[in-house]
1. May I ask for the percentage of alpha-carbon pairs in the stretch 19-166 that lie more than 21 Å from each other?
2. Sort 43-50, 139-146, 210-217, 245-252 for me by packing, meaning the mean count of neighbouring Cβ atoms within 10 Å per residue, highest on top.
3. Computed from these coordinates, which is Rg/Rh (Cα atoms, Kirkwood Rh): [x] 1.00; [y] 1.24; [z] 0.93?
4. I'd like the FRET efficiency for Glu53 and Arg124, computed as 1/(1 + (r/R0)^6) with the beta carbon distance as r and R0 of 45 Å, rounded to 0.05.
5. On a full-extension model of 0.36 nm per residue, what is the gain between Asn163 and Glu180, subtracting their alpha-carbon distance, rounded to one decimal in nm?
6. What net charge is computed for the residues neighbouring Asn197, neighbours being all others with C-beta under 12 Å from the C-beta of Asn197, Lys and Arg scored +1, Asp and Glu -1?
7. For Cα pairs less than 8 Å apart in space and 6+ apart in sequence, what is the mean separation divided by the residue count of the chain, i.e. the relative contact order in percent?
8. From the square roots a ≥ b ≥ c of the eigenvalues of the alpha-carbon gyration tensor of the stretch 4-66, which class results: rounded (a/c under 1.5), prolate (a/b over b/c), or oblate?
Amino acid sequence: MARLSLAQIEQYQLNGYLFIENYFSSEEMDLLLEIARADEQLAADAIERYDVEARISRLSLRTYLSDDIYSALVRCKRLVEPMEQLIGGEVFHYHHKMMLKEPHVGGAWEWHQDYGYWYKNFLRADMASCMIAVDQASKENGCLQVLKGSHLFDRIEHGMRGNQTGADPQRVDLIKQHLETVYCEMEPGTALFFHCNLLHRSDPNDSPLPRWSLICCYSAANNPTFNADGAGQYEPLEIGDDDSILKYGLDGVGD
């Protein structure tokens with residue numbers, strides 16, 4: 001399935017997010033995980049972010065697309081066509097990142113909106129992401145939490161929380177009194193589409209199980225950028241066939 005139903009679009013608009021279980025196959029996720037865990041460049045590029053208790057979270061972010069399984073996922077119809085429905089027109093790739101929450105040491109992410117990070121680069125919040133669970137995500141290993149409907153509050157002021165960018169804690173505390181906190185427990189292959197103004201966070205991973213996920217981030221093609229020479233420049237996104245994920249995955253394992 002690539003096209004979303006009207007009911008799914010309305011759910012996204014109301015809640016700020018949309019779950020689709022079994023969106024990617026176990027074979028696709030097994031290949032992605034095998035390639036990512038063996039990817040020395042992915043590990044070398046990983047950056048560290050500290051929460052307010054100095055616990056470390058790691059992520060590896062790429063602003064470019066290549067002939068690999070990560071980019072095949074970014075380009076696939078299963079992601080691009082729903083993103084165009086949710087954002088309202090042509091989209092382009094902003095970046096994609098592997099979130100590397102390791103057993104016992106993966107730190108928390110503070111409450112934030114993605115547009116809290118991206119506001120300095122883009123004029124409008126016509127942006128969204130899709131998180132793909134590569135490992136199982138549960139409360140025990142620090143799954144994503146969202147405040148249901150919080151995207152409707154628009155952008156909130158952000159400041160430094162540890163060395164992360166976090167939303168104004170007083171405003172978040174007030175919002176939490178009015179909205180439901182949803183724990184996004186996900187089996188491998190589940191896709192979570194979410195608006196760039198949706199407030200979200202995660203707990204540290206105190207379990208013996210890793211929680212890796214791939215997040216693919218998109219912007220409306222007509223969203224002006226302030227960063228004329230950096231990441232976030234519009235480039236037409238060549239939409240790939242869904243079977244290219246397995247093709248690049250099998251090629252990557254065979255290398």
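Readers should treat all values here as calculations from the given coordinates under stated rules, not as data from a laboratory. Bear in mind the structure is a predicted one, so any value in this text is a computation, not a measurement. All Cβ positions, glycine included, derive from the backbone under ideal geometry; neighbour counts span all protein chains shown.
1. It works out to 51 percent of all Cα pairs.
2. Result, highest mean Cβ count within 10 Å first: 210-217, 139-146, 245-252, 43-50.
3. Recomputing Rg/Rh (Cα atoms, Kirkwood Rh) here picks out [z].
4. Efficiency at R0 = 45 Å is approximately 0.85.
5. 3.4 nm
6. -1
7. 34 percent
8. Since a/c reaches 1.5 but b/c is at least a/b, the shape of the stretch 4-66 is classed as oblate.
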